[in-house]
Amino acid sequence: MNPAGKPGKSGSLMPVEVALARLLEMADASPIHDRERLPVAQVQGRVLADDLVSTLDLPPWPNSAMDGYALRVADWTGEPLVVSQKVYAGQAPEPLKPGTCARIFTGAPVPAGADCVEMQENAEVLENERIRFIEPMSPGQNIRPQGQETTVGELILPAGTRLGSIEQGLAASLGCAELDVVRKVRVAVLSTGDELVEPGQTLGPGQIYNSNRVLLCSWLQRLGCEVIDAGILPDDLAITRARLGELNDVDLILSTGGVSVGEADFLGMALREAGELSLWKLAIKPGKPLTFGHFRGVPVIGLPGNPASTLVTFALLAKPYLMRRQGVKEVEPLKFQVPAGFDWPKAGNRREYLRGRLENGRAIIYKNQSSGVLRSAAWADGLVEVLEGRTLISGEYVVFIPLSEILN
């Protein structure tokens with residue numbers, strides 16, 4: 001039985017949500033269990049392999065939230081208090097002498113016996129190191145309590161968290177010098193077709209430069225993947241078989257150019273011979289044709305060949321699949337609604353992802369939405385989602401997906 005299933009009756013279009021759910025189901029069935037231990041400074045973009053649990057209270061002791069004076073509120077009767085000690089960050093203070101106050105600085109431990117810190121702006125310095133307080137005060141004021149941020153045994157980051165600068169800093173604040181992370185997912189990227197020529201070479205009749213592989217290799221590296229550049233597959237079945245056979249130590253083969261049932265679709269022929277292949281027709285524009293299958297047990301995702309189609313289908317389908325293979329749970333990009341700054345008078349039967357950007361709080365779209373125009377994505381800062389069967393007039397709300405959400 002084909003694990004990818006079928007999109008329904010012949011000729012029907014598969015909703016984007018169904019395609020994503022099936023890809024994630026297959027990703028869940030083949031998680032990457034291998035891990036490596038790295039210095040915390042080197043885990044940017046990697047996926048946490050184990051729960052990060054706090055081994056200490058943070059802060060470890062009550063400390064001052066600002067520069068000022070520590071005192072016991074009950075000792076203040078309205079008369080000035082004498083400064084009995086100064087407490088700097090990194091010092092261990094003496095217990096506060098009754099009836100006095102302590103000069104204290106931000107982050108310094110609060111002396112035992114003090115229950116309040118008054119900011120220096122509300123204090124008047126008098127002669128003989130006496131301090132007059134001019135505002136009412138209350139216990140706990142301007143004191144960060146012990147364990148305010150974390151307590152011993154508390155779950156801080158669950159396994160499957162994709163680590164960024166903030167997570168690295170949080171781990172460092174808990175004293176973690178190293179973290180266990182999921183090993184990099186290994187992705188082989190190839191393009192298909194005699195019409196493709198590498199940049200720098202001379203174009204022949206009917207040929208175009210191959211932009212998709214450069215786009216995908218760069219994107220995958222930003223996602224923390226180990227990329228194997230498998231080059232261009234010519235329209236030759238024997239070479240296709242041989243090249244695929246060399247890719248036996250990867251987690252995914254990612255192709256562009258699509259696979260169909262045409263006479264020149266040699267990648268599809270090779271997959272059908274030595275594995276399994278499902279061709280999905282998606283209710284999405286750009287990016288209708290998508291393939292999923294296996295070659296000798298290695299998963300294969302075939303993206304459509306037009307550059308904008310490659311971008312959209314990788315962002316919405318292939319990237320979530322790769323993240324889920326590494327254990328990331330929340331894999332869909334952040335979306336939010338904004339007013340449309342354009343009209344969309346003709347409803348389509350596929351969900352459209354228009355290259356657009358925000359101007360004055362409204363989403364505007366690039367003038368040419370052809371799937372072959374990669375320039376539209378360079379101009380844009382996001383994708384504007386227009387649901388199937390919907391028309392729009394300027395001012396109505398649409399869903400906007402920032403490119404920063406899908407590129408990183």
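Tabulated data for the structure shown
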read-out: Equivalent-ellipsoid semi-axes of region 96-151, from the Cα gyration tensor, Å, largest first; value: 22, 12, 10
read-out: Per-selection Rg to Rh, the chain - Cα, Kirkwood hydrodynamic radius; value: 1.17
read-out: Cα-based Rg and Dmax for region 209-282, where Dmax is the largest Cα-Cα distance (Å); value: 13.0, 37
read-out: Per residue value of the accessible surface for region 216-306 (all protein chains in place, 1.4 Å probe), Å²; value: 39 Å²
read-out: DSSP beta bridges in the chain [antiparallel fraction, %, rounded to 5]; value: 70 percent
read-out: Accessible area of region 172-250 belonging to carbon and sulfur atoms, whole % at 1.4 Å probe; value: 50 percent
read-out: Nitroxide proxy distance, nm - points 7 Å out along Cα→Cβ at residue 381 and residue 35; value: 3.9 nm
read-out: Cα-based shape type of region 332-408, given that a ≥ b ≥ c are square roots of the gyration tensor eigenvalues and the cut on a/c is 1.5; value: rounded
read-out: Under 28 Å from residue 367, Cα to Cα: lysines that are on another chain or at least 8 residues apart; value: 281, 285, 288, 319, 335, 346
read-out: Rh by Kirkwood over Cα pairs, then Stokes-Einstein D for region 210-253 at 1.567 mPa s and 4 °C, µm²/s; value: 111 µm²/s
read-out: Dipole magnitude of the chain about its Cα centre (Cβ charges: Lys, Arg +1; Asp, Glu -1), debye to nearest 20; value: 1340 debye
read-out: Among 323, 269, 119, residue whose mean-square fluctuation peaks in a GNM of the chain (springs only between Cα atoms under 10 Å); value: 119
read-out: Carbon and sulfur %, accessible surface of region 255-408 computed with the full protein complex present, 1.4 Å; value: 49 percent
read-out: Solvent-accessible heavy-atom area per residue, rounded to whole Å², over region 345-402 at 1.4 Å; value: 51 Å²
read-out: Å² per residue, accessible surface of region 1-151 at 1.4 Å; value: 55 Å²
read-out: Overall dimensions of region 229-377 by Cα: Rg and Dmax, Å; value: 17.7, 55
read-out: Equivalent ellipsoid, region 1-139 (semi-axes from 5 times Cα gyration tensor eigenvalues, Å); value: 62, 19, 12
read-out: Relative packing of peptides 86-93, 221-228, 314-321 - highest average C-beta neighbours within 10 Å first; value: 314-321, 221-228, 86-93
read-out: GNM result for the chain, Cα springs below 10 Å: residue of 390, 72, 241 fluctuating most strongly; value: 72
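The values are calculated or read from the model by the stated rules, or taken from the named source; none is laboratory data. Predicted model only: the values in this text are computed from it and were never measured. Please note: Cβ atoms are built from the backbone with ideal geometry, for glycine as well, and neighbour counts cover all protein chains shown. Just the protein is used for accessible areas: all its heavy atoms, side chains included, with ligands, DNA and RNA removed. Shrake-Rupley method; radii C 1.70, N 1.55, O 1.52, S 1.80 Å.
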